[in-house]
Amino acid sequence: MSDNQVLEVIEKYLNGEMTKDERARFEILRNENAEINNKVTEHKHFTGLIKQYGERLELEKRLNAIHNEIDVHALEDELMIRPSFIVRLWRNHHSKISVAASIAIFAALCTMFFTGYLNNRGGNYVQLSEKINKIGAKTDQLGRTVKSLNPQHASDANPGNFRGTGFAISSNGYIVTDNHVIKDADSIYVQSSDGKSYKAKVIYSEPATDIAVLAISDPSFKALGPLPYSFKKAETDIGESVFTLGYPRDAMVLGPGFLTASTGFNGTNTDSTAYQVSIPVNFGNSGGPLLDSRGDIIGIINAKQTHVEGAAFAIKSNYLLKAIQDIPADSLTKPINTNTKNTLATLGRVQQIKKLQNFVFMVKVYNQ
């Protein structure tokens, strides 16, 4: 057969115009002849493209017709002058408006699908350092203005290029936060819940576990007193009530929730160093403590998952304890005495937070 005859047979097959016996014989031919089978597939794809193009032209034609029939500019004027016009518009054109709305919704869903938005089931795993420098020149200008008025502390004159949270691991000025919060910092300040700022420096960091330990170097700092919490070494069970305190904004914010998985999730990889928790966290919560209902530290908040509301992650506390043990002795000017006694266990949440707030700090990072 010639190519034209082959195409005629294929079109007859695809259009369902063959008898039952003809279709059976042709399908046997497809199975035995790879070239014929490929031509069937290619022709089916080609006719599908033509059909899609025709449907697109028809869609444009329908939209143009609807647009021409409904005078958009006149509609805007009517709505501004007479709200009752909405009723008449709906009575006269409700079917056309419904079609237009349906088409708009369908187009939006198609866009989301083909751009991969709906396919991103896991969402993006993002660290929670707050990039305040996104406001750029306006922030710099504000900082210079405030500094000229009251140059007491660098941290008073500049809200910082990045912001996170940290909490005390010893009463004498050692604080833990996330490594990504202080990475590449030129200077670091920590601010207590009463608004006082203290100069701090990094004495140890572990990028692999996203842990960094700071020491307050400001001579005005006074010891905090005994820590009210202890650091839990054992794994915490799924379903346990947990909470965090942090600085997603200038005031301390409580984030209550539950532990939802015994492992974290980074992109497509399971992370055994972390917990997944259902807690509302935002940029600035990074480095905050994760506590169980008794007030034991069970982790450090370090990331959230986009497109999944309330899905956050925390490095487990046993990795924090290991990091503390790994700090070189010559980096310490004072010993780190982590607390082994928990005074929060018998308290209600409100009283727990009152005792905790002096041990949780805002971490401000400055880059030149």
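The values are calculated or read from the model by the stated rules, or taken from the named source; none is laboratory data. What you see is a predicted model; the values in this text were computed from it and never measured. Methodologically, a virtual Cβ is constructed for each residue, glycine included, from the backbone with ideal geometry; neighbour enumeration extends over all protein chains shown. Surface areas here come from the heavy atoms of the whole protein model, side chains and all, with no ligands, DNA or RNA. Shrake-Rupley method; radii C 1.70, N 1.55, O 1.52, S 1.80 Å.
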Cβ-placed point charges (K, R +1; D, E -1), dipole of segment 162-366 about Cα centre in debye, nearest 20: 620
task: Roll a 1.4 angstrom probe over the protein heavy atoms and tell me the percent of accessible area of segment 1-52 that is carbon or sulfur.
output: 49
task: Starting from the Cα gyration tensor of segment 3-69, take the square roots of the eigenvalues, sort them a ≥ b ≥ c, and report rounded, prolate or oblate (rounded when a/c is under 1.5, otherwise prolate if a/b is larger than b/c, else oblate).
output: prolate
query: How far is it, in nm, from the label point at Lys20 to the one at Asp186 when both lie 7 Å from their Cα along the line to the Cβ?
result: 8.5
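Taking all protein chains in place and a 1.4 Å probe, what share, in percent, of the accessible surface of segment 234-360 do carbon and sulfur account for? Each step should come with its number before you reach the end.
On the way: 2940 of 5830 Å².
On segment 234-360, the fraction of accessible area on carbon and sulfur atoms equals 50 percent.
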Highest to lowest packing among 162-173, 188-199, scored as the average C-beta count within 10 Å: 162-173, 188-199
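Rounded, prolate or oblate for segment 162-366? Axes are the square roots of the Cα gyration tensor eigenvalues, ordered a ≥ b ≥ c, and the cut-off for rounded is a/c under 1.5. Mind dumping the intermediate values first?
On the way: a/c = 1.40, a/b = 1.25, b/c = 1.12.
Rounded.
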- request: Considering the options Met362, Thr236, Thr273, tell which one lies farthest towards the positive end of the dipole of segment 215-368, charges being +1 on Lys and Arg and -1 on Asp and Glu at the Cβ, about the Cα centre.
  value: Met362
message: Cβ neighbours within 10 Å, averaged per peptide: list 11-21, 223-233 in order, most packed at the top.
response: 223-233, 11-21
query: Averaged per residue, what accessible surface does segment 160-228 expose to a 1.4 Å probe, in Å²?
result: 36
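Under the classification rounded if a/c is under 1.5, otherwise prolate if a/b is larger than b/c and oblate if not, where does segment 230-269 fall, given a ≥ b ≥ c as square roots of the Cα gyration tensor eigenvalues?
On the way: a/c = 2.12, a/b = 1.38, b/c = 1.53.
Since a/c reaches 1.5 but b/c is at least a/b, the shape of segment 230-269 is classed as oblate.
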- line: For Glu206, the accessible surface traced by a 1.4 Å probe with all protein chains present amounts, in square angstrom to the nearest 10, to 30
message: On the principal axes of its Cα set, how long, how wide and how thick is segment 284-357? Give whole Å, largest value first.
response: 44, 33, 20
